[in-house]
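Some notes on the structure that comes next.
The values are calculated or read from the model by the stated rules, or taken from the named source; none is laboratory data. Quantities reported herein were computed from a predicted structural model and do not represent experimental measurements. When we count neighbours, we look across all protein chains shown, and the Cβ atoms used for this are built from the backbone with ideal geometry, even at glycine. Heavy atoms of the whole protein, side chains included, go into the accessibility calculation; ligands, DNA and RNA do not. Shrake-Rupley method; radii C 1.70, N 1.55, O 1.52, S 1.80 Å.
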Amino acid sequence: MAKKNKPSLSLSHFVGVVVFSLFFVPKSVLGVKQELRFGKNGEFKILQVADMHFADGKTTPCLDVFPNQMRSCSDLNTTAFVERMIQAEKPDFIVFTGDNIFGFDATDAAKSLNAAFWPAIESNIPWAAVLGNHDQDSTLSREGVMKHVVGLKNTLSQVNPAESHIIDGFGNYNLEIGGVKDSCFENKSALNLYFLDSGDYSTVPAIPGYGWIKPSQQLWFQRTSAKLRRAYMRQPEAQKGPAPGLVYFHIPLPEFASFDSSNVTGVRQEGISSASVNSGFFTTMVEAGDVKAVFTGHDHLNDFCGELTGIQLCYAGGFGYHAYGKAGWSRRARVVVASLEKTEKGGWGAVKSIKTWKRLDDEHLTAIDGQVLWSKSRAGKFLLNNP
């Protein structure tokens, strides 16, 4: 019997193995829950990236830039901006708030998603994503996109909460930010993050326009918020009220239309492209009592924050270069920092303030519009130090 030769590994097989190991988490560690907590400096910093609109990389042209920028401008400019923001801000966590890829121009959704999130993957910084209204317009469904995202390295994204068997959309989940290690808040969630799928387009023939956050999602949010409140108000270190919460999704609520240039920080340069019906999620958040700020994308030329009934409603501003924008108006990203208070014994306690600012993709990554979104004392503005 002739001796069989061992099969040789081709270069394409080798490349495939390398690519898989670079982008995807081995199934053996998918069950390991990465811990998010405040740093020893008593801060937790979040970078929000809205509307990357990534497609096919260097062959995908930029939109709404000056003519002399067109020849050298592509999706790679978006990638470079993410990398610059990570290097400059060194965030503890990154949130991508939808339209991460522009499906109509993405030849292969999986490859586009891999490339869009690559800076976060490479940085080894934990990150999460929600869906916009364009992520599913390529070769993967909304469910397929979210399942692909969940399999990528360093992400804490979830397809949906395990305890909710019936819930609309894909990408509804929450994350808890623990207090400083070895502090009295070590085993408490000092800051709660909620992520929701705001949908793409209405599936009700009589209702035109964009999607909205459905009753099943609101019920999940209410139950989750109440559970977190109870845990925070129990011993040890029982608190008198809930820990602050931040909410991330893509399509703005109708309440974003409550503002004009006189009562916001930032700019409103286009209409509010919310659903044509009000599903009541803003009221649900007000009733829950823990949400301090909401962060969305979708309307790229708006980057404001405005306060309504105790909740700050914030846009991030357009980030991606294959997304519509305005020539001469820099692409931008939003940064949020939650800071803890010092206890009487000199340790770190509960959250005392939540601040935000934006950075522009210009020569100096100029920081603008610094403001206190919420504090135990009062909200307001603060001075930013630019290099």
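There is no residue in region 307-318 that is surrounded by fewer than 21 Cβ atoms within 10 Å (Cβ to Cβ), in a helix (DSSP H, G or I) and of a type in the set (V, I, T).
Being more than 21 Å from the chain's Cα centre (by Cα) and over 22 Å from N174 (Cα atoms) is true of G57. Considering (1) touching a Phe, Trp or Tyr at 6+ places or on another chain (Cβ under 8 Å); (2) assigned to a loop (DSSP other than H, G, I, E, B); (3) modelled with pLDDT of 95 or more; (4) within 30 Å of V277 (Cβ to Cβ), the lone condition that S164 does not fulfil carries the number (3). For region 254-272, residues that are within 10 Å of L308 (Cβ to Cβ) and open to solvent by 20 Å² or more (accessible area, probe 1.4 Å) total 3. Candidates G289, G346: the one that is modelled with pLDDT under 95, open to solvent by 10 Å² or more (accessible area, probe 1.4 Å) and not basic (K, R) is G346. Anything in region 85-108 that is farther than 22 Å from G42 by Cβ and outside any strand (DSSP E or B)? List them, or say none. Those that are farther than 22 Å from G42 by Cβ and outside any strand (DSSP E or B): M85, Q87, G98, D99, N100, F102, G103, F104, D105, A106, T107, D108.
Restricting attention to region 211-253, which residues are closer than 21 Å to G171 by Cβ, outside any loop (DSSP other than H, G, I, E, B) and open to solvent by less than 60 Å² (accessible area, probe 1.4 Å)? Once the filter is applied, which keeps residues that are closer than 21 Å to G171 by Cβ, outside any loop (DSSP other than H, G, I, E, B) and open to solvent by less than 60 Å² (accessible area, probe 1.4 Å), region 211-253 yields S216, Q217, Q218, W220, F221, T224, S225, L228, G245, L246, V247, Y248.
Tell me yes or no: at least one residue of region 66-76 is within 18 Å of G132 (Cβ to Cβ) and in a helix (DSSP H, G or I). Yes, region 66-76 contains at least one residue that is within 18 Å of G132 (Cβ to Cβ) and in a helix (DSSP H, G or I). Of the listed requirements (1) farther than 16 Å from G297 by Cα; (2) part of a loop (DSSP other than H, G, I, E, B), S339 misses just one: (2).
Table: residues versus (1) modelled with pLDDT of 95 or more; (2) touching a strand residue (DSSP E or B) at 6+ places or on another chain (Cβ under 6 Å); (3) open to solvent by 40 Å² or more (accessible area, probe 1.4 Å); (4) closer than 16 Å to R334 by Cβ.
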{"site": "G31", "(1), (2), (3), (4)": "no, no, yes, no"}
{"site": "F44", "(1), (2), (3), (4)": "yes, yes, no, yes"}
{"site": "I94", "(1), (2), (3), (4)": "yes, yes, no, yes"}
{"site": "G103", "(1), (2), (3), (4)": "no, no, no, no"}
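What is the residue count in region 200-210 for residues that are out of contact with any helix residue (DSSP H, G or I) (no Cβ under 9 Å at 6 or more places or on another chain) and either open to solvent by less than 40 Å² (accessible area, probe 1.4 Å) or in contact (Cβ under 8 Å) with a residue 24 or more places away in the chain (or both)?
6
Looking across region 307-332, the residues that are small (G, A, S) and either in contact with a helix residue (DSSP H, G or I) (Cβ under 7 Å, 6 or more places away or on another chain) or at positive phi (or both) come down to G310, G317, G320, G328. If you check R84 against the conditions, is it open to solvent by 10 Å² or more (accessible area, probe 1.4 Å), at negative phi and modelled with pLDDT under 95? It is false that R84 is open to solvent by 10 Å² or more (accessible area, probe 1.4 Å), at negative phi and modelled with pLDDT under 95. Each residue in region 156-169 was checked for being without any contact (Cβ under 8 Å) to a residue 40 or more places away in the chain and farther than 15 Å from I101 by Cβ, and 6 of them qualify. If only residues of region 158-188 that are hydrophobic (A, V, I, L, M, F, W, C), within 19 Å of the chain's Cα centre (by Cα) and farther than 28 Å from A238 by Cα are counted, the one that is surrounded by the most Cβ atoms within 10 Å (Cβ to Cβ) is F170.
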